[in-house]
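Data first, discussion second: the structure below is written as structure tokens.
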Amino acid sequence: MLLVIAVAWLLAAPRGPAPASIALSGPQTGHPAPVASGGLASKPATPRVRRVVVHVAGAVRRPGVYRVRAPGRLIDAVQRAGGLTADADLTQINLAARLTDGRAIIVPRSPATGDGAEPGVGTATGSAPVGKLNANTASAEQLDALDGIGPAMAAAIIALRTKLGGFTRLEQLDDVPGVGEARLASLQAQLEL
């Protein structure tokens, strides 16, 4: 008799997948999981990241066209362009301004630099180029702005300068890793004591 009751119970039980209106519990959360037709959980849609395209030029290390995550600020575009050079004039630009697609961003050079500045942007016509940079007082940013010098070499020059207590002759720059004969000649043309 028990066997007859068990068979009758099995025959009366519902068959097939759970109806779409019944939510299943999500794994380990106890919250209902999203249900697709047929009772299968669907994957949540991943949001697309919006970007704007801007042209960055002027007193930046790597001028060019860049894609920047929106909503962004001018500082984000400048950072994508390698950051500011030592001669950037921050009094003429708002780095906190919002970016818009297709915008040209010209970072002006300081009027004191004169040489190589963007025409008509914060420069006096006919201004003389700046003289040589003092190797014993130049900051890392100033050294980094020199031709053939990057952030790592600028830091190495300052480390050697600190170790020596200051340079007594420019030939001592030859002791900086990565400075060979040609780079030493270039540095001697750009630096003084």
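The values are calculated or read from the model by the stated rules, or taken from the named source; none is laboratory data. This structure is a prediction, so every number in the text was calculated from the model and none was measured. Neighbour counts are summed over all protein chains in view; Cβ atoms, including those assigned to glycine, are modelled from backbone coordinates with ideal geometry.
Details
- Residue pairs meeting the criteria (Cβ under 8 Å; at least 6 apart or on separate chains; first under 17 Å from R67 (Cα atoms), in the range 89-112; second modelled with pLDDT of 85 or more and in a loop (DSSP other than H, G, I, E, B)): R98/G72; L99/G72
- Selection of the range 161-193 for residues being touching a Phe, Trp or Tyr at 6+ places or on another chain (Cβ under 8 Å), of a type in the set (A, V, I, L, M) and part of a helix (DSSP H, G or I) yields only L173.
- Test: residue in the range 80-90 that is at pLDDT below 85, surrounded by fewer than 19 Cβ atoms within 10 Å (Cβ to Cβ) and closer than 17 Å to A59 by Cα: yes
- When the range 42-79 is limited to residues that are surrounded by fewer than 16 Cβ atoms within 10 Å (Cβ to Cβ) and among the small types (G, A, S), the one that is modelled with the lowest pLDDT turns out to be S42.
- One residue from T162, T113 being hydroxyl-bearing (S, T, Y), surrounded by fewer than 18 Cβ atoms within 10 Å (Cβ to Cβ) and either closer than 15 Å to D87 by Cα or at pLDDT 85 or above (or both): T162
- Boolean, L170 is touching a helix residue (DSSP H, G or I) at 6+ places or on another chain (Cβ under 7 Å), modelled with pLDDT of 90 or more and surrounded by 12 or more Cβ atoms within 10 Å (Cβ to Cβ): yes
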